[in-house]
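Chemist: Below is the structure I would like to discuss, written out as structure tokens.
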Amino acid sequence: MGSVEGFLKVDRELPKSKPPQDRIGDYKEIYQPHAEELTVDQASRCMDCGVPFCHNGCPLGNFIPDFNDAVYRQSWEKAAELLLATNNFPEFTGRICPAPCEGSCVLGINKPPVAIEHIEKSIIEKAYELGLIKPQPPTQRIDKKVAIIGSGPAGLAAADQLNKAGYQVTIYERDKKPGGLLRFGIPDFKLEKWVVERRVSALEAEGIEFVTECNVGVDITGDELKLKYDAVVLCGGSTIPRDVSITGRELKGVHFAMEFLTQQNKRVSEIPFEEEDILATGKDVIVIGGGDTGSDCIGTSNRHQAKSILQFELLDKPPVGRSGANPWPEWPLILRTSSSHEEGCEREWSILTKEFIGNDKGEITGLKTVKIEWDGRSFKEIEGTEQVHPCDLALLAVGFVHPQKEGLLDQLGVALDERGNVSTRGYQTSIDKVFAAGDMRRGQSLVVWAISEGREAARMVDQYLEKESKLPSKLVSEYQV
């Protein structure tokens, strides 16, 4: 590494965010500009550790010490080359990834880890600034066509890789614009949609065809797809939300989190929708679920100017630091406070929702809960702790169970695993020339995992169609560093 003492001399420093009361007035990304020299200093903290566990933590196997060194030397073109060798869309992961690489950083054993996510974002934005990111259509085309179903991160990554290999690639998306979760699930204050549009425009310029407002399984059947294309890659995501079966679930004002978030993303992008508005303005909001989606609901409710926001989590409150049962380099299971929490929210842990309470108009007015005590994997209710909380809007952010089966999956007849996801072997489904990747195959997961899945599925498609693949593998990269 260029600086052998950087980790001893430089402290971890991330870009400053705008004050909470300022940023909740709009849906712009919350971070202030960060001086380039500060990013170079952060890259100097990478400590030439010998065995970089960050590689293992990253689902993409990014060349993290190598691009950190290039940033320290201000060799931005080299840094971008290294980063893009394994990650198709660092402008996405550099903004919204929880950074499992940082959880495995060797420096993180006894110091704050290297700011890998911030450095990654800085590299790709510098590459755009320098004009290094240009459309690069393949010089030769293979006379074979591949259909990608779904334009989320897995679908985009699979399409990008297969297009690079020379295939004629078409992406089908049932919504009005491409991007999937990136466009309609993640709020603009975390990922502004011009970032998605910039990348989609580049993919189009490289020859990928996007067919939007096409509900595959309805507007075009599975059999038609198999006749028209040499291979089909299913990247439709895990779209069926987990529900709660308790009294009052049918009341007006009880919604799935993604319904709420998708609507707001469409408002910001001025995309019309037919559903009745779901707004938190002036309401007592309760978010059920303590993960990232719940946090996104909090940030959106703050921007709606909710009267109050309360978040419930079924599990116990995590520790501030690693416990003895959660050593490095495992992902740290610690208390996390998001930017949305900083903007205003009350949080409670070990809470079980018992009942939604409504009025004679069928509208929710309250939420009955009880405190619970965990004993290993099970819990019991604590007597005398029942409570009714005022609530005008309840948002269910308790995850997703499996992909939509009605329509395309039923038409194709693909086998499913015990969780209801598409079953695969080497990313190939039980149906000839049909593959699957992303949340549809592995279940609800991270954007970085979706990109990894898309890349690996593309390699398997290439191998299936051409008997061998020249696309790089995550496990044995053909990129020499």
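Chemist: Taking amide H atoms as placed 1.01 Å from N in the peptide plane, list the residues 5 or more away in sequence, or in a different chain, whose amide H sits under 5 Å from that of Gly358.
Modeler: Amide H neighbours of Gly358: Thr365.
Chemist: Report relative contact order for the chain in percent, whole number only (criteria: Cα-Cα under 8 Å, sequence separation at least 6).
Modeler: 17 percent
Chemist: Quick test of your reading: applying the under-4.7 Å Cβ rule, which cysteines of the chain are isolated?
Modeler: Cys with no partner Cβ under 4.7 Å: Cys46, Cys49, Cys97, Cys105, Cys214, Cys235, Cys297, Cys345, Cys391.
Chemist: Provide the descending list of Cα extents for region 326-481 along its principal axes, expressed in whole angstroms.
Modeler: If we take the Cα atoms of region 326-481, the spans are 65, 44, 33 Å.
Chemist: Let me ask something additional. Can you pull the semi-axes for region 148-226, root of five times each eigenvalue of the Cα gyration tensor, sorted largest first, whole Å?
Modeler: Sorted largest first and rounded, they come to 21, 17, 9 Å.
Chemist: How would you classify region 330-407 from its alpha-carbon gyration tensor, with a ≥ b ≥ c the square roots of the eigenvalues: rounded for a/c under 1.5, else prolate if a/b is greater than b/c, otherwise oblate?
Modeler: Verdict is rounded for region 330-407.
Chemist: Over the residues of the chain, compute the C-alpha Rg and express it relative to 2.2 N^0.38 Å.
Modeler: Normalised Cα radius of gyration, the chain: 1.01.
Chemist: Let me ask you something else. From the Cα trace of region 250-388, what convex hull volume per residue do you get, rounded to a whole Å³?
Modeler: 145 Å³
Chemist: For Thr281 paired with Glu213, estimate the spin-label separation in nm (one decimal), with each label point 7 Å from Cα along the Cα-to-Cβ line.
Modeler: 2.8 nm
Chemist: With r defined as the distance between the Cβ atoms of Gln136 and Glu36 and R0 fixed at 41 Å, what FRET efficiency is calculated, to the nearest 0.05?
Modeler: Once the sixth-power term is evaluated, E becomes 0.95.
Chemist: Note down the magnitude of the dipole of the chain about its Cα centre, charges +1 on Lys and Arg C-beta and -1 on Asp and Glu C-beta and zero elsewhere, to the nearest 20 debye.
Modeler: That gives the chain a dipole magnitude of about 560 debye.
Chemist: Across bins of 10 angstrom width beginning at 0, how are the C-alpha pair distances of region 393-481 distributed, in whole percent?
Modeler: Values per bin, smallest distances first: 16, 41, 29, 11, 3, 0.
Chemist: Quick check: at a probe of 1.4 Å, how many percent of the accessible area of region 121-188 sits on carbon and sulfur atoms?
Modeler: 49 percent
Chemist: Now for a different question. Using only alpha carbon positions, build the gyration tensor of region 218-262, then give the equivalent ellipsoid semi-axes as the square roots of 5 times its eigenvalues, largest first, whole angstrom.
Modeler: For region 218-262, the semi-axes come out at 36, 11, 10 Å.
Chemist: Measuring from centroid to centroid over Cα atoms, what is the spacing of region 51-124 and region 254-302 in Å?
Modeler: With region 51-124 and region 254-302 each reduced to a Cα centre, they are spaced 32 Å.
Chemist: Here's something else I'd like to know. Please give the FRET efficiency for Ser323 paired with Ile382, using the beta carbon to beta carbon distance and R0 = 22 Å, rounded to the nearest 0.05.
Modeler: 0.45
Chemist: Calculate, for the chain, the solvent-accessible area per residue in square angstrom, rolling a 1.4 angstrom probe over the heavy atoms of the protein chains.
Modeler: 46 Å²
Chemist: Add -39500 (n - 2.57) for each DSSP H run of 4 or more in the chain, then divide by its residues: what number comes out at 222 nm, to the nearest 500 deg cm²/dmol?
Modeler: Per the formula, -9000 deg cm²/dmol.
Chemist: A further question on this structure: Could you calculate the FRET efficiency of Lys361 with Arg242 from 1/(1 + (r/R0)^6), where r is the beta carbon distance between them and R0 is 25 Å, rounded to 0.05?
Modeler: About 0.35, to the nearest 0.05.
Chemist: For region 260-365, run through the GluC sites (Glu not before Pro) and keep only the ones in DSSP coil with at most 10 other Cβ atoms within 10 Å of their Cβ.
Modeler: Glu270, Glu274, Glu275, Glu276
Chemist: Taking just the alpha-carbon atoms of region 408-449, what radius of gyration and Dmax come out, in angstrom?
Modeler: Values for region 408-449 (Cα only, Rg and Dmax): 10.1, 30 Å.
Chemist: What percent of all Cα-Cα pairs in region 205-282 falls in each 10 Å bin, counting up from 0?
Modeler: Histogram of Cα-Cα distances, whole percents per bin: 12, 31, 30, 20, 6, 0.
Chemist: To two decimal places, what compactness ratio does region 81-206 give when its Cα radius of gyration is scaled by 2.2 N^0.38 Å?
Modeler: 1.16
The values are calculated or read from the model by the stated rules, or taken from the named source; none is laboratory data. Note that the coordinates shown come from a computational prediction; the quantities given were computed from them, not determined experimentally. Quick reminder, even Gly has a Cβ in these numbers, built from the backbone with ideal geometry, and neighbours come from all protein chains shown. In case anyone asks, the SASA skips ligands and DNA or RNA and just uses the protein heavy atoms, side chains included. Shrake-Rupley method; radii C 1.70, N 1.55, O 1.52, S 1.80 Å.
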